[in-house]
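Reading through the structure tokens given below for one structure.
The values are calculated or read from the model by the stated rules, or taken from the named source; none is laboratory data. Here the structure is a predicted model, which means the values were calculated and not measured. FYI the Cβ positions are ideal-geometry reconstructions off the backbone, even for glycines, and counts take in every protein chain you see.
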Amino acid sequence: MTTVPTPAKGLEGVVAAATRLSDVRGDIGQLIYCGYDINELAGKVTFEEVVHLLHHDHLPNRQELEELKGLLAVKRELPKGVVNIIKTFPKDTPPMHAIRTAVSALGCFDPEADNNSMDENRLKALRLIARIPMITAYFHRHRQGKSLLPPDPSMGEAANFLYLIDGEKPSAEKIKTLDMCYVLHADHGMNASTFSARVTIATLSDMYSAITSAIGTLKGPLHGGANEGVIKMLQEIGSLDRVDDYIAEALAQKKKIMGIGHRVYKTLDPRAPHLKRMAQILSAKIGEPKWIQMSERIAELMLNEKNLHANVEFLFRHGLLLARHSDGPVHADLCHLANGRLDCSRAGATGRQPVDPPAKPVLRSGRIEGGAD
């Protein structure tokens, strides 16, 4: 008698690739970038330094960092044709649809779009890292009927994005908030969007197609789209005194509480404490405590009732709310995720060869050895 094989549940337990870029150890709540524990990086390095780390396997020195920052700054400007396409989008277009479509359109304006050499794909990756925030900001301003601002080459990636969104120089606290969000989301192993990018590029397709696939995957509510679900839930609850009843009713109806629990982490997500601390500081700074108070109460209830921790999407959401002001547009905040997670998808798209993971680096005198001076 022929035994019918039991279908696997997704790709759980399946080794799809080997990489030194990141290691997600969900059983112990640990995330590692190129040998660095995320706790060694968060709050100590900038997003640009992490981009260099993921691209070159080491943190940059001062000269390397300045070169990378300059390169990203000069690659921000969007082709006029892509700007014109963004201006044609209906103002009620879901932002992730807009980002996905504009990224795909970038390939139409790149004469080297089908050149899949490693050097050319590295350049494409940097262009995408620089341009996706431009696409996001331009769509946001377009739907508000505002003029589209030129990028400021004197600003880093996080600062320039906030400037393009708000039209004014952002505060140091806002820059630090968004930059840490970028750092904490820069890579996360073989997640769904990275896997999607790898499948696409494995057919010898192009970088733009791979990242378009990744963004389409990212927007799903069981992946990056969970962020939007969190803020919609918080807005529906409305105030701290309604949290307990809302959660009790949702659990009784067996509804999913967005931002709670994680597919991989069986303990606290190592990124969550950094985002929570950052949100608390910024909340105190701007005097708008209700979002974080509501979030903390939801997290407490779910830990007590279901033994489930709030995941990084949950903390990421109210951190960005505070960075953009507590009543900032929902979709503008959601789109930040596209840049922080782009590098994760890019890692699969460039076709880097797998190597053994390096030894874990150490801190020396409060500075990461090998980092910027």
query: When only residues in region 82-139 that are within 20 Å of L162 (Cβ to Cβ) and of a type in the set (S, T, Y) count, which is surrounded by the most Cβ atoms within 10 Å (Cβ to Cβ)?
result: T136
task: Identify all residues within region 17-62 that are among the aromatic types (F, W, Y) and assigned to a helix (DSSP H, G or I); write none if there are none.
output: F47
- prompt: Looking at region 267-283, is at least one residue at pLDDT 75 or above, part of a loop (DSSP other than H, G, I, E, B), over 18 Å from G29 (Cβ atoms) and in the same structural domain as L301 (by TED's automatic domain parsing)?
  reply: no
message: Criterion first (buried (at least 23 other Cβ atoms within 10 Å of the Cβ), on the phi < 0 side of the Ramachandran plot and among the β-branched types (V, I, T)) does T212 satisfy it?
response: yes
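Each row is one residue, and each column tells you yes or no for (1) closer than 20 Å to A158 by Cα; (2) in contact with a strand residue (DSSP E or B) (Cβ under 9 Å, 6 or more places away or on another chain).
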| site | (1), (2) |
| --- | --- |
| I32 | no, yes |
| K44 | yes, yes |
| V50 | yes, yes |
| P60 | yes, no |
| G70 | yes, no |
| T88 | no, no |
| T93 | no, no |
query: Is there a residue in region 82-92 that is polar (S, T, N, Q) and either touching a His at 6+ places or on another chain (Cβ under 6 Å) or closer than 22 Å to S22 by Cβ (or both)?
result: no
message: Condition (residue is part of a helix (DSSP H, G or I), in the same structural domain as V183 (by TED's automatic domain parsing) and closer than 20 Å to S213 by Cβ) applied to region 63-80: is it met by at least one residue?
response: no
message: Tell me which helices (runs of 4 or more DSSP H) are completely within region 151-260 and hold 2 or more residues being in contact (Cβ under 8 Å) with a residue 24 or more places away in the chain and outside the structural domain of I38 (by TED's automatic domain parsing), or say none if there are none.
response: 226-237, 243-252
- prompt: Of all residues in region 92-111, how many are more than 19 Å from T217 (Cβ to Cβ), assigned to a loop (DSSP other than H, G, I, E, B) and either at pLDDT 95 or above or among the β-branched types (V, I, T) (or both)?
  reply: 2
